[in-house]
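Data block below; observations after.
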Amino acid sequence: MLADRPIQLLSSTESLCPVCLQRVAAIREQQGNTVYQVKHCPEHGTFRTPIWRGSIPFASWLRPKKPSAPRQTFTAGENGCPFDCGLCPEHGQHTCTALIEITSRCNLRCPVCFADAGGEAAAAEPTLDQIGFLYDRILAASGLCNIQLSGGEPTMRDDLAAIVELGRSKGFGFIQLNSNGLHLAADPEYAFSLKAAGLASVFLQFDGLSSGVHIALRGRDLREIKEQAIAHCASAGLGVVLVPTLIPGVNTSEIGAVIDYAIRRAPTVRGVHFQPISYFGRYPQGPADDDRLTLPEVIELLQAQCGGAIRAEHFAPPSCEHALCSFHGNFLVEEDGRLTPLGNRQSACCSTGEPKAIIPTALEGREKSVDFTARQWSAPPLPLALAAAPCVCEHELQKPLDDFDRFLARARTHTFSISAMAFQDAWNLDLERLHGCCIHVVSPEGKLIPFCAYNMTSNLGKPLYRGLKRP
């Protein structure tokens, strides 16, 4: 039994009390194959949350990096992390992906929405000029990076194409749409208009293949809508990344099926990005341990449900954000639908690719991640011959190739990524991880705030940043 196993103290960090959101000391301790974060608030007691659970050794995943301060900061470090986000001079990573929330309206009412997006009613939205200001703030803080347009549901705005065009005119080469796909599915021409404006990719909410999963997470059966949205993106030449929110006991049994579905729609579908549920909002009692899903557990589910084609050693920690935030693996989709790994624990895709003894800087990791993500999540380029002579049938241009040539040709179009991001909530927030965050939400005031801090709420739903005006 777990209670009989010894407890080993691993390291210390800082966190927040989930009730009062005050900074408290925290430790990481291991019992059996589970690592817990343990913290104590003098007023509200002790909280113990699993943060790593499974057969992958916790220590094997750690990848220290030399911090790299943002190019320009917009707040002073007066109150300490996480109360000075903007970014402050103490932050240790540049922006890899900046999220701009262009609307709070949405055409779904999802029970698991961390943004608490509203319905169809009009709400205050940034104007095009204000969005231009937000683009400029990103450039000042971190230079060119990847952009994700989010909400709410961004397609609720009639000027979405103009927002994309504005970002491209500022020099941002990779702009992605975070969407539920309803508008993309309803209008066959809509994807073409966004592609013409300069959109590269769609981050498509996609929770599973059964009607029950969709109803549980989104309130309605969206299977046909997702299928149509992907088809329209394919016609327009937009890359698609499927994004399942994983909830234990709800859709964790469909992980392998989602991978198989995605592979069969490659190369339009560029990969799958899993997001284990984080508990933002009102959770007065706090989630039970069984309600948590940690990164090694996701990897083990992938390994168990994919018939041996995917194994734990195919995945690696990230090069950009803190090692405990995510995993990533890159594969080649063969002609028969099999996956061939293109990396291992030391060198998978946008991981560090370095032995543990070599500590890259956070900036080096950020540059590698920005380039890889933009390349992988965009639609693959047409073969040069086809691009130069689109009127010529593809079969007329093909020449006999040896195995290596065929591999290279396939690798230009059919690489496939599998990744996951473990966002933090008030029970498991680790300020060491937050210091290294590279995914930043741009607040309406133009401050860049780490994603988990921006969405952080107490157990009764009191926000740390979202919806609050700060000087």
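Packing here is the average count of other Cβ atoms within 10 Å per residue, and on that basis the peptides 434-440, 311-317, 404-410, 374-380, highest first, run 434-440, 311-317, 374-380, 404-410. Stretching the chain fully between residue 340 and residue 78 yields a gain of 89.3 nm (0.36 nm per residue, less the alpha carbon separation). Packing, as the average of other Cβ atoms within 10 Å across residues, places the peptides 421-429, 282-290, 136-144, 72-80 in the order 421-429, 136-144, 72-80, 282-290, highest first. Using the Cα atoms of the chain to build a convex hull, what is its mean projected area in square nanometres? Average projection, Cα convex hull of the chain: 22.9 nm². Counting only alpha carbon atoms, the long axis of helix 403-413 and the longest principal axis of the chain meet at about 70°. Distance between the pseudo-spin-label points of residue 130 and residue 300 (7 Å out from Cα toward the beta carbon): 4.7 nm. The spacing between the range 1-53 and the range 174-216, judged by their C-alpha centroids, is 38 Å. Residues of the range 37-57 with an amide N closer than 14 Å to a point placed 7 Å from the Cα of residue 25 along the Cα-to-Cβ direction: 38-42.
With θ taken as phi - 60° and the Karplus curve 6.51 cos²θ - 1.76 cosθ + 1.60 applied, the whole-hertz 3J(HN,Hα) list for the range 4-10 is 8, 7, x, 9, 10, 6, 9 Hz, x standing for glycine and proline.
In this model, which of 39/66; 368/469; 195/469; 66/469; 170/368; 226/462 are farther than 29 Å apart at the alpha-carbon? Intermediate results must be reported in sequence, preceding the final value.
Numbers: 39/66 26 Å; 368/469 34 Å; 195/469 34 Å; 66/469 33 Å; 170/368 21 Å; 226/462 33 Å.
Cα-Cα > 29 Å for 368/469; 195/469; 66/469; 226/462; rest within.
By how many degrees, 0 to 90 and rounded to 10, does the Cα axis of helix 128-142 deviate from the longest principal axis of the chain? That works out to roughly 70 degrees.
Which translational diffusion coefficient, to the nearest whole µm²/s, is obtained for the range 39-174 from the Stokes-Einstein equation, given a Kirkwood hydrodynamic radius over C-alpha pairs, 4 °C and 1.567 mPa s? For the chosen part, D equals 71 µm²/s. Helix 295-305 and the longest principal axis of the C-alpha atoms of the chain enclose an angle of approximately 40°.
Shown in residue order for the range 418-428 are the 3J(HN,Hα) couplings computed by the Karplus curve 6.51 cos²θ - 1.76 cosθ + 1.60 at θ = phi - 60°: 10, 8, 8, 10, 9, 6, 9, 10, 5, 8, 10 Hz (x for Gly and Pro).
On a full-extension model of 0.36 nm per residue, what is the gain between residue 375 and residue 408, subtracting their alpha-carbon distance, rounded to one decimal in nm?
On the way: separation 33, 0.36 × 33 = 11.88 nm, distance 1.59 nm.
Using 0.36 nm per residue and subtracting the Cα-Cα distance, I get 10.3 nm.
When shorter helices are ignored and each DSSP H run of at least 4 residues is given -39500 (n - 2.57), the per-residue value for the chain at 222 nm works out to -7500 deg cm²/dmol.
Reducing the range 65-116 and the range 275-302 to their Cα centroids gives an inter-centroid distance of 22 Å.
Where a number appears in this text, it was derived from the coordinates with a stated rule and is not lab data. All figures in this text were calculated on a predicted structure; none of them were measured in a lab. A quick note on method: Cβ atoms are made from the backbone with ideal geometry, for glycine too, and the neighbour counts reach across all protein chains shown.
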